[in-house]
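Input: a single structure, listed below in C-alpha cells.
The values are calculated or read from the model by the stated rules, or taken from the named source; none is laboratory data. Being a predicted model, the structure only gives us computed values, none of them experimental. Using ideal geometry, Cβ is built from the backbone for each residue, glycine included, and neighbour counts are taken over all protein chains shown.
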Amino acid sequence: MPPADKPAAPRDFRREVRIFWIAVLSVPSLILLGLFLAWVGAFGALPSTDEIANPKSFLATQLVDANGEQLGTFFEENRVHTEYDQLPPHLVQALVATEDERFYDHAGIDFRSLGRALASFGTQGGGSTLTQQLAKQMFHQPASSKAGRLLQKFKEWIIALQLESRYTKDEIIALYFNQFDFLYQAVGVHSASRIYFGKNPQQLTVPEAAVLVGMVKNPSIYNPVRRLEETTARRNTVLRQMERNGYLTEEEFTAFAATPLEVRFNPQTHDRGLAPYLREYVRGQLKEWVKDHPKPDGSSYNLYTDGLKIYTTVDIRMQRYAEEAVAEHLSNLQRVFFKQIKGRKYGPFYFQGNAEDQYQTIMNRGMKQTPRYRNLVESGASESEIQRIFRTKIPMKVFSWKGPVDTVLSPQDSIRYMKSFYQCGLLSVEPQTGFVKAWVGGIDYAHFQYDHVAQGQRQVGSTFKPFVYAAAMEQKKFSPCMEVSNQKVCIQAGEFGLTEDWCPSNSDNEYGGLLTLKQALAKSVNTITTYLMKQIGPQAVVQLARALGMTSDLPEVPSIALGTVDLTVEEMVGAYTAFGNGGVYTKPIVITRIEDKNGVVLDEFVPESHEALSPEVAYAVTSLLSGVTEYGTGARLRSSGGGYPDNVVTGFPYAFTNPIAGKTGTTQNNSDGWFMGMVPNLITGVWTGCDDRAAHFGSTVFGQGATTALPVWALYMRKCYADPALGVRSNAFDLPSTPMTIRTDCKAAAAEAATDEWSEFD
C-alpha cells in the first residue's frame, strides 16, 4: 500500500498582504507628495495670490443698442463678462449634472470621483472637478506629454483649492462659463449664446443650454455648426444627466430630447454680422477718444481687452430692417443692371468721346488701388510684368447677391466685375434728438469696405434744392403758394462772379404757365430754382448750408442751386433734421455713453444743436416737400397700382397714405440716385450708385432716384410701420408753437396741379 500524500504546507500570504498595503498606502502617499511638491513650486511656479483673486481675462468692448441689445463687439478674445445671476438656472444645472455631480459637496478635489477614476483607470470618467477644469483653463497651457500632464494635475489641485477658498460656488460657475472657448471666437457663454443662437444667455432654452454644456467635453467634436448629429446626441446625454440628477422629469427629458437642434449661426467678425459699417465708424471714433481719455493710472484704454461698454443710439430692429431693405432692392436693381449691360464692350461704363482711353484709365486706376498691385511693385516687378499678371486668369472668390462665388477670372476682369455693382448708403435719424437709428454704409462689408454714409461724397442733385427754397423764404418771406412763371431764367455774366451767362434748362424741356413754389419743388423744376437763386445769391445758400452742418467744399456759385456739390449722406440727413425739428439743426450722434468693465461712466455725449431756420420756415419747407410725395417726383410712394419696366421698382405698389415729406435727386448721366424721406420723428436719406461714376444706367427711366433710391426708403419704412413698438409716427407734422405768417395752404393750386401731366423725372 502506497504511503499517503504528505499534507501541503499552509500558504504564506504575508508577501501579498505587504504588497497590497504598500500599494494602498503608496497611492495616497504619492498624491500627498505630489501636492506638496506642487505647493512648493517643484513643478513650476503657481499663480500668485493676486492672480487668483484677480484673474486676467481679455474682455471685449461691447456695443449695445438703444434698448440694451448687443450690437457688436471689438475684441482680441470675444469675451463679454456674464454675472452668475445672468445665467439661467437650467444652464447651471446642466453643467453641474454633466461635469461635476458632487460640485456642491467638495472643496475643489472630489476624492470619491478621483478614487473611482484611479480604480477604473479612467474608463468610468475622469476625476477632475469643475474647479480643477477652471484652474486648467485659467492658468495653464496644454502639457506636451503624458508625464507633463500628470505633473500639471498636481498644480491644478493646488489652484483648485485656492479658488475654492477665494470664491463662492456661484462665482466659480460664473468664472467657468466666462472662461470657456466655444469656438468661432465665442469665448465665454455670452458670446457663445449670441453666435450660436442669436440671443443672450438668459434667453437660452433648456435644449440650447444643453448644447453649450455638451460642447464643454470637446467643442470640435460636438460642434453644432459642422457636426449636427454628434452634437444632438451629446445634447441628449446632457439632458439625460439632468433628468438623472432630478433637474428634469422623465416627461421633460423626452420632450426636450425630441426637439430638433436649430442653430442661428451668427459669427462675430469685423466684417460680418449686423451693422459692420456702423461698427467700423464707431471704432474710428473710439480710437480718437482713447487718446484723450487715459485710465486713472495714466495708461491708455485698450478697445479690444478692457471690456468697455459703448451705449449707442441705434435700434437693432430698425438696423435690421434697413439692411433687409437695402439687400431686397439692390439685389433686384443689380439684376436689371446686369441685363442691360450684358454684351457691352465696356460693361457698366458709359463714355463721351474716346471711350477706349477712358476705359483704360478707369481700369488702370482700379488696378493701382489693389493690394496685389502694391505688393508686385514692392517686389520689383516691372509695369509690363504687372500688366501681364493682371490679365492672367486665376481662381478667386467674388461677391454675388446669392453668396460668394468661386470662379476663375483675371484680376483685371474682377475689377470690372466689382465696379459693376450698385452701392447704397442709408442713414436714419430721429430729428428731435439727432439719434442715429440705422446706418447702412454699403451692400457687403466683407467685399466693399468703403462707407457710403460717412466717407462717400457724391453729387446730391435735386435733394439740394430745398436749401435754396429755405434761404429764399427766410430772406424774402416767400410762401410755398407764391406763383412764379415757368420760363428760362438766366443769371448774367458778372453776377455772383460768373464769367458767362448761366441759363439752365428743365429736365423735361417743358416751359410755360405759372407754378407755385410747392408745385415747382414737387416737380423739381430747374427754372424756378434758378429764379430763387437769382433773388438771393449763392452766398446766402452757402451760409444756410453751413448752419445746417455741411462741412464739405461749397463753392459760392449759382450752379450749387441744382445740387452740383458733393456731400455725404451723413451731411444731407443732418441738414434735413432742421426741417423736421422746428428749424433746429441737430448733428447726428451714435454714441451716448461709455462705461468701463465695472459700469463706471467714463464719458457721456449730447448732440450738438442750434437754430438754423425759423420754425415757420422749417414748417414751410416741410410743406413744400410734402408736395413731392403727393403729386411730384416721389408720388409713386402713394400709388396703389400699375408697375414699372422689368419690375425694377422693388415692392411696388407702396400705397402709403400717411403724411410724408421727401425729395428725389438724380445727377448727370444718372450716376447718383437719391431720396430724402421725412415723417414727423424720422428722417432717412438714401443714396445709390456705382463706386465709379462712369458706371450707371443708360436711361433716366431706370437710373433716376425715384427708381434706384426711393424703393429702399419705401421698403424700410414699410417694415418700420409694421412694427408698432418702434413708435415711428404716421400722423401730421407738428405746427410751430407761434402763429404762422407764411402761407402754406395751397389746396387750390395742388388740386390744379394734380390734373396736369408731369414727368416723374428730376
Expected single match for of a type outside the set (F, W, Y), in the same structural domain as E474 (by TED's automatic domain parsing) and outside any helix (DSSP H, G or I) among D692, D646 is D692
field: Verdict on L548 being free of Cβ contacts under 8 Å to residues at least 60 places away in the same chain and within 30 Å of Q492 (Cβ to Cβ)
entry: no
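Report, by residue number, each residue of region 565-605 that is of a type in the set (V, I, T) and not in a loop (DSSP other than H, G, I, E, B).
Matches in region 565-605: V569, V573, T577, V584, T586, I589, I591, T592, I594, V601.
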Apart from one, (1) over 27 Å from the mean Cα position of the chain (by Cα); (2) in a strand (DSSP E or B) all hold for T657; the odd one out is (2)
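Could you list, in sequence order, the residues of region 473-491 that are in a loop (DSSP other than H, G, I, E, B) and in contact with a strand residue (DSSP E or B) (Cβ under 8 Å, 6 or more places away or on another chain)?
The answer is P480, C481, M482, N486, C490.
Name every residue in region 241-289 that is among the charged types (D, E, K, R) and touching a residue at least 60 places away in the same chain (Cβ under 8 Å), in order of residue number.
Residues satisfying the conditions are R244, R264, D271, R272, R279, E280, R283.
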Within region 702-749, the residues that are β-branched (V, I, T), loosely packed, with under 15 Cβ neighbours inside 10 Å and touching a Pro at 6+ places or on another chain (Cβ under 7 Å) are T738
Within region 275-306, residues of a type in the set (A, V, I, L, M, F, W, C) and in contact with a helix residue (DSSP H, G or I) (Cβ under 6 Å, 6 or more places away or on another chain) come out as A275, L303
Residue set I415, I362; condition in contact with a Gly (Cβ under 6 Å, 6 or more places away or on another chain), touching a residue at least 12 places away in the same chain (Cβ under 8 Å), under 28 Å from W687 (Cβ atoms) and surrounded by 11 or more Cβ atoms within 10 Å (Cβ to Cβ); output residue I415
message: Within region 633-642, does at least one residue satisfy the condition of being out of contact with any His (no Cβ under 7 Å at 6 or more places or on another chain), polar (S, T, N, Q) and in a helix (DSSP H, G or I)?
response: no
Among helices (runs of 4 or more DSSP H) completely within region 200-272, the ones holding 1 or more residues that are of a type in the set (A, V, I, L, M) and out of contact with any helix residue (DSSP H, G or I) (no Cβ under 9 Å at 6 or more places or on another chain) are 228-244, 250-257
Checklist entry - Among the residues of region 649-663, is there at least one that is within 26 Å of Q334 (Cα to Cα), crowded, with 24+ Cβ neighbours inside 10 Å and among the basic types (K, R)? => result yes
When region 676-701 is checked residue by residue, the ones that are surrounded by fewer than 22 Cβ atoms within 10 Å (Cβ to Cβ) and either under 21 Å from T568 (Cβ atoms) or in contact (Cβ under 8 Å) with a residue 40 or more places away in the chain (or both) are P680, N681, C690, D691, D692, R693, A694, G698, T700, V701
Result of the Cβ filter at 8 Å on region 593-608, keeping first residues that are closer than 16 Å to Y304 by Cα and at pLDDT 95 or above and partners that are in a strand (DSSP E or B) and among the hydroxyl-bearing types (S, T, Y), at least 6 apart or interchain, is I594/Y311; E595/Y311
